[in-house]
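**Q** There's a structure below that I have some questions on.
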Amino acid sequence: MAREANRLMAVQVASLLKKGTVGRHPDGNRLYLVVTGKGRGWWMLRYMADTRSKAGKPMSREMGLGPADPDGVDGYTLADARDRANDARRLLRDGIDPLAHRDQAAAAKRKAKDAARLFKDVAEAFIAGEEAGWQNEKHGAQWRTTLATYAYPTLGDMQVAAVAMEDVKGVLAPIWSTKPETASRVRGRIEAVLDYAEAHNWRQGPNPARWKGNLAHVLAKKSKVAKVEHHAALPWAQVAAFLTALRQQSGTAARALEFLILTAARTGEVIGARWSEIDLAGAVWTVPASRMKAGKEHRIPLSAPALAVLAPFARTRQDDDEGGFAFPGQFTDKPLSNMAMLKVLERMKRTDLTVHGFRSTFRDWAGETTAHPREVIEHALAHLLKDKAAVAYQRGDLFRKRAALMQDWADFYDKPPATVTPLRRSVSEASA
């Protein structure tokens, strides 16, 4: 058999590939150059395996040794192919099937790579795959922010296969009592990431972030810890004074914050607002369902002060910019960051407040100082009514009544801060 080896020459291999002489060209000792077209070919070794056929005879197997390339740049030369064939024959002499050996080595390499996957990389892969189906970009940002803030410091650089219940508990325990809603979201997001890892065979075993039958035995129930995390809100009586300070702040983010307060809208709705959604003449802003938390289109009546906030931006936008952002970010084709308005509050040294808290300010003002019906106020906040009977009879969006409410809010908001002038006593009173 050895005398049959080395039938091919390197120049012959180059010629066969260049001409595209399709077929199997033997080099001897069951090594073949397999040409499939001009410039295309691969090396193949045939051998008899110990695996038996139904008739009890050894089975012939074919093993690819890689692409053929006379120059050895994009494949293997003739000399390379002979070396690789000899490696396979040595395994055969030791009773090892070279194809099975290669498959086992590849599987071991994949397993080692999968075991080395870091939690934060798996989390990013999960979010990237899911966010296309989420309602808006804000949801993906919230996932990344909560995981980066609470989970990554502990789990981020851990191998996802090694995450255990004690690790998850270490993330949750410090915030379980003080920030129960946030902690619950973090737990659910860690659980989802680990489920994703298991589905891809990157880890095995029970999910250590699962609540029922797992963390429920080591962490207190939500009902036994602080029940609600309220967004820090400005007392409604201080709104006018806050406006005076806010209007002294320059920049797009400051105007976006003023617009948010005037419309009682959410951060994502304001920073994502486009001119195509805003009818300046009709004084209405229509937020599409895809950008609303409840997944339902929301028409917002624009008061005179709200239109005044938009006016400078409307004057500078291009005629063909109907799809552009009303409050553009650093680049005109990008919106403001979802942290931009919070930064305004920081510059104003009002870290005691949150942007979302202004919705609570509006709700408190409307409920405590006006006679506007509750359902009108709830519609203004784009809240879904919990009363099913009320929903059944309330088919409209109460737009005209909400327009009156929002104008009342703007009038109250735009009042100058009240000042108190102390009464001066008369001389006779002072001497009495």
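**Q** What is the pair-distance distribution P(r) of the range 236-413, computed from all Cα-Cα distances in 5 Å bins starting at 0, with each bin given as a whole percent?
**A** It works out to 1, 8, 17, 21, 21, 16, 10, 4, 2, 0, in whole percents.
**Q** Using 0.36 nm per residue, how much length does the chain from Glu124 to Lys221 gain when fully extended, once their Cα-Cα distance is taken away?
**A** 32.0 nm
**Q** Another one. Between Ala304 and Asp83, how many nm apart are label points set 7 Å from Cα along the C-beta direction?
**A** Using points 7 Å along Cα→Cβ, the separation is 8.7 nm.
**Q** Using r as the Cβ-Cβ distance of Lys296 and Asn214, and R0 as 41 Å, what FRET efficiency do you calculate, to the nearest 0.05? Please list the in-between numbers first.
**A** Numbers: r = 36 Å, r/R0 = 0.88.
Efficiency computed from Cβ-Cβ geometry: 0.70.
**Q** A further question on this structure: For volume of the Cα convex hull per residue in Å³, one of (1) 192; (2) 124; (3) 311 was computed from the structure I shared and the rest are decoys. Which label?
**A** Among (1) 192; (2) 124; (3) 311, the one calculated here is (3).
**Q** Report the label-to-label distance for Ser250 and Ser177 in nanometres (one decimal), using points 7 Å from each Cα along the Cα→Cβ vector.
**A** 4.8
**Q** Take Arg255, Arg7 and order them by how many other Cβ atoms sit within 10 Å, fewest up front.
**A** Exposure proxy ranking, most exposed first: Arg7, Arg255.
**Q** May I pose another question? Relative to the longest principal Cα axis of the chain, at what angle does helix 399-413 sit, 0 to 90 degrees, rounded to 10?
**A** On a 0 to 90 degree scale, this one is about 70.
**Q** Using a basic spin-label model with each label point 7 Å from the Cα along Cα→Cβ, how many nm lie between Ala241 and Ala199?
**A** 5.2
**Q** At a Förster distance of 22 Å, what's the computed FRET efficiency of Ala148 paired with Arg350, Cβ-Cβ distance as r, to 0.05?
**A** Given R0 = 22 Å and the Cβ-Cβ separation, E is 0.35.
**Q** A follow-up question, please. Round to the nearest 10 and give me the degree value, 0 to 90, for the angle of helix 252-263's Cα axis relative to the longest principal axis of the chain.
**A** The helix 252-263 is inclined about 60 degrees to the chain.
**Q** Working out 0.36 nm times the residue gap between Asp103 and Ala5, then minus their Cα-Cα distance, what length gain in nm do you get to one decimal? Please list the in-between numbers first.
**A** Values: separation 98, 0.36 × 98 = 35.28 nm, distance 2.71 nm.
Net length gain for the segment: 32.6 nm.
**Q** How do 100-106, 357-363 rank on mean C-beta neighbours within 10 Å, highest first?
**A** Values: 100-106: 12.3, 357-363: 21.1.
In descending order of packing, they fall as 357-363, 100-106.
**Q** Rounded, prolate or oblate: which one fits the range 119-224, using the alpha carbon gyration tensor with axes a ≥ b ≥ c (rounded when a/c is under 1.5, else prolate when a/b beats b/c, else oblate)?
**A** On the way: a/c = 1.68, a/b = 1.17, b/c = 1.43.
It comes out oblate by the Cα gyration axes.
**Q** Same structure again: How far, in degrees from 0 to 90, does helix 137-146 lean away from the longest principal axis of the Cα atoms of the chain, to the nearest 10?
**A** 80
**Q** Related question: Between Arg46 and Glu131, what is the FRET efficiency for a Förster distance of 51 Å, r being their Cβ-Cβ separation, to the nearest 0.05?
**A** 0.55
**Q** Same structure again: Excluding Ser15 itself, calculate the net charge of residues whose Cβ lies under 15 Å from the Cβ of Ser15, where each Lys or Arg counts +1 and each Asp or Glu counts -1.
**A** +2
Each value in this text was obtained by applying a stated rule to the coordinates, not by laboratory testing. Quick caveat: nothing in here was measured; it's all calculated off a predicted structure. We place every Cβ from the backbone using ideal geometry, glycine too, and count neighbours over all the protein chains shown.
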